[in-house]
Every structure is written in C-alpha cells, then in structure tokens.
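I have placed the structure first, in the form of structure tokens, so that the comments after it can refer back to it.
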Amino acid sequence: LSVALSGTVLSRCPACARNFANLYCSNTCSPDQSLFTNVTRVANRTSAQGAPQLAVLEYQSFYQQDYAD
C-alpha cells in the first residue's frame, strides 16, 4: 500500500490523510512495534541473495483508546 495513493484517496480530508500516514508510519517504522503488534501469519520466502527469510503476511495492532481517537 502506498502512502501517496492513500493521500490521493483521502485528499478531500487533509486531517484524515495525515492521520492515516501517521498510523502507517507507526506500524512500519516504530522502534516499539513489539509493544503493540502481534504477527499472526507469516510465509517462507527467499531473498534476492538466496537466503531464506520469513515475510509477514498478517498482523494485529493494539492501540490505546486515546491514540485511536
């Protein structure tokens, strides 16, 4: 999912676009992911260099109500 694409879709509501981008960045870049993320589905894959890896296909996120609001 591209943040730029979501910005286009949410362009009628700048606050919604900013909130979505903030949530997306928190989910993908936060150094504290382990505190609010539970991986529920993974798949085996091979990297471009041929090394075996796990890829996250599905996860759950848990947020406090005040953050969600």
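Every number in this text was worked out from the coordinates using simple rules, so none of it is lab data. From a predicted model like this one, the values you see are computed outputs, not experimental measurements. Every residue, glycine as well, gets a Cβ built from its backbone with ideal geometry; the counts of neighbours run over all protein chains shown.
Worth a mention:
- Candidates Ser26, Ser11, Ser47: whichever shows maximal mean-square fluctuation once the chain is modelled as a Gaussian network with Cα springs under 10 Å: Ser47
- Under-5 Å amide H pairs with Tyr59, H placed in peptide plane, nonlocal only: Thr40
- Dipole size of the chain about its Cα centre, with +1 on Lys/Arg Cβ and -1 on Asp/Glu Cβ: approximately 280 debye, rounded to the nearest 20.
- Residue by residue, region 58-69 carries 3J(HN,Hα) couplings of 8, 8, 10, 10, 10, 10, 6, 4, 5, 5, 5, 5 Hz when phi is fed to the Karplus relation 6.51 cos²θ - 1.76 cosθ + 1.60 (θ = phi - 60°); x denotes Gly or Pro.
- Gain on full stretching of the segment that runs from Ala4 to Ser47 - 0.36 nm per residue minus C-alpha separation: 12.8 nm
- Gain in span if fully extended, Ala21 to Tyr63, counting 0.36 nm per residue against the direct Cα distance: 13.5 nm
- Each label point was placed 7 Å from the Cα along the Cα-to-Cβ direction; for Arg12 and Val56 their separation is 3.2 nm.
- The chain pair-distance distribution - Cα-Cα, 10 Å bins, rounded %: 17, 37, 34, 12, 1
- Loop sites in region 7-69: chymotrypsin sites (Phe, Trp or Tyr not before Pro), DSSP, at most 13 other Cβ within 10 Å: Phe62, Tyr63
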